[in-house]
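What follows is a short report on a single structure.
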Amino acid sequence: MNNTDIIIRRENKNDFCEVENLAREAFWNLSVPGCFEHYFIHIMRDHPDFIPELDFVAVADGKIVGAVMYCKSKLVDEQGCVKDIVTMGPLCVLPEFQRRGIGKALLEHTFAVARDMGYDTVVNFGNPDNYVARGYKSCKKFNVCFEGDVFPAALLVKELTDGALDGRKWFYHPSDVDAPCDDEKAVAEFDALFPPKVKGWQPSQEEFWIHSHSAIT
Ligand SMILES: CC(C)(COP(=O)(O)OP(=O)(O)OC[C@H]1O[C@@H](n2cnc3c(N)ncnc32)[C@H](O)[C@@H]1OP(=O)(O)O)[C@@H](O)C(=O)NCCC(=O)NCCS
């Protein structure tokens with residue numbers, strides 16, 4: 001399959017269950033036993049930071065095979081100047097459709113839409129392997145950090161407009177959209193609405209732990 005075999009379009013209400021199931025299939029056992037991303041998507045759509053104009057799915061032969069979503073977030077410089085940016089994620093592709101350019105197509109499509117909306121920077125947490133080919137760089141390269149000058153290895157930044165971040169120090173202020181995902185009971189109750197699936201360990205969980213506990217000095 002190549003990119004011409006998929007259609008990229010906005011998600012609509014009728015897609016919600018299919019997209020949540022897709023996320024569950026894509027993320028299951030990837031970072032932890034089971035996953036929470038289907039619940040994350042479910043609650044995200046109602047959050048004020050959610051950006052419906054950047055909520056897209058990839059469709060192949062009438063089936064949704066990929067999805068991407070974004071939320072509003074902020075960078076604040078040392079003088080207190082605020083830059084409104086976007087945070088990407090989740091991005092997911094059905095396992096049997098991965099490594100065929102669908103994730104790439106979803107990102108490139110939505111980067112262009114975000115640029116047209118006036119955003120010049122996109123940030124996300126993730127495995128750098130998935131993103132460096134799309135032009136993301138370490139947050140350290142753009143001087144983007146958390147309060148306390150922490151530069152997480154998994155905090156990846158892409159300028160949608162060259163020079164947008166101009167070298168000054170920026171503190172990243174993510175949305176609190178994912179806060180409810182810490183509620184394990186709520187995640188488990190939501191997951192129980194889907195067909196049973198076995199939780200288990202796989203090596204990617206250790207990879208995730210290493211990435212998510214690492215910082216660049
Ligand atoms: C990550 C994911 C969205 C990528 O989508 P995809 O359609 O499989 O990726 P693509 O085929 O478009 O590949 C995009 C690039 O990433 C690379 N890539 C994709 N998966 C990779 C992997 N597991 N390891 C290393 N590189 C990978 C590809 O080589 C490609 O690079 P290129 O453009 O230089 O050729 C998809 O694999 C997925 O849903 N994974 C599970 C959920 C997940 O990890 N989401 C991201 C959260 S951080």
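The values are calculated or read from the model by the stated rules, or taken from the named source; none is laboratory data. Since the structure is predicted, the reported quantities are computational estimates derived from the model, not experimental observations. Glycine also receives a Cβ, built like all others from the backbone with ideal geometry; neighbour counts cover every protein chain displayed.
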If you go through Asp120, Asp149, Asp77, Asp162, the only one that is of a type in the set (D, E, K, R), more than 14 Å from the ligand (Cβ to nearest atom) and crowded, with 16+ Cβ neighbours inside 10 Å is Asp120
Quick count over the stretch 80-110, residues being surrounded by fewer than 23 Cβ atoms within 10 Å (Cβ to Cβ), assigned to a strand (DSSP E or B), away from the ligand (no atom under 16 Å from the Cβ) and free of Cβ contacts under 8 Å to residues at least 40 places away in the same chain, is 2
Within the stretch 64-74, restricting to residues that are within 8 Å of the chain's Cα centre (by Cα) and more than 9 Å from the ligand (Cβ to nearest atom), the one that is farthest from Ile51 (Cα to Cα) is Met69
**Request:** Considering every residue within the stretch 169-176, establish whether at least one is modelled with pLDDT of 95 or more, closer than 24 Å to Trp28 by Cα and out of contact with any Cys (no Cβ under 9 Å at 6 or more places or on another chain).
**Result:** yes
**Message:** Could you go through the stretch 47-70 and let me know if any residue there is charged (D, E, K, R), part of a strand (DSSP E or B) and either modelled with pLDDT under 95 or closer than 20 Å to Gln98 by Cα (or both).
**Reply:** yes
